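As structure tokens, the structure follows; a few thoughts come after it.
The values are calculated or read from the model by the stated rules, or taken from the named source; none is laboratory data. Note that the coordinates shown come from a computational prediction; the quantities given were computed from them, not determined experimentally. Glycine also receives a Cβ, built like all others from the backbone with ideal geometry; neighbour counts cover every protein chain displayed.
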């Protein structure tokens, strides 16, 4: 693929992440009880819709669904943890910098009360490791090789580390 084609493809995936997160958020808006499996069902339904609307291939939709699961699991574990801080602390930057629409989607899906209700009945994904080439929601990632920090104020494509060119990150 040429560089422009690659950039266009990455922008398509970023847009798809946001669209699927919005669909997941809408699906979970009316959840009231025993909803652990509902998260996976909502993500799967959002992926199916993306394929049906020909926004993504099946493979791309499954990959974006995995990215959403990873990000929600990471946010949920932080919010349900012993420190129980605000989402802004998890993101490691001022929430006001995030695009309002993306923030609303993310907050409604990762809302503390909803996460408490869901009780993480279902393990969303085994690993929360982030890799170059993947898409991530808002937050801060640190290079596992050199510690370089990258801030995502909106959904974005994870680049190689700008300092050491490594490809593995963790959320801080």
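Here are the numbers:
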quantity	calculated
Residue among 26, 63, 49 that is assigned to a helix (DSSP H, G or I), over 14 Å from residue 155 (Cα atoms) and at pLDDT below 85	26
Hey, residue 134 at pLDDT below 95 and under 16 Å from the mean Cα position of the chain (by Cα) or not	yes
Cβ-Cβ under 6 Å pairs, at least 6 apart or on other chains, the stretch 137-161 side at negative phi and free of Cβ contacts under 8 Å to residues at least 24 places away in the same chain, far side buried (at least 20 other Cβ atoms within 10 Å of the Cβ) and assigned to a loop (DSSP other than H, G, I, E, B)	148/161; 152/138
Residue within the stretch 69-85 that is more than 23 Å from residue 130 (Cβ to Cβ), assigned to a helix (DSSP H, G or I) and modelled with pLDDT under 65 present	no
Test set (1) modelled with pLDDT of 80 or more; (2) over 20 Å from residue 134 (Cβ atoms) - residue 36 fails condition number	(1)
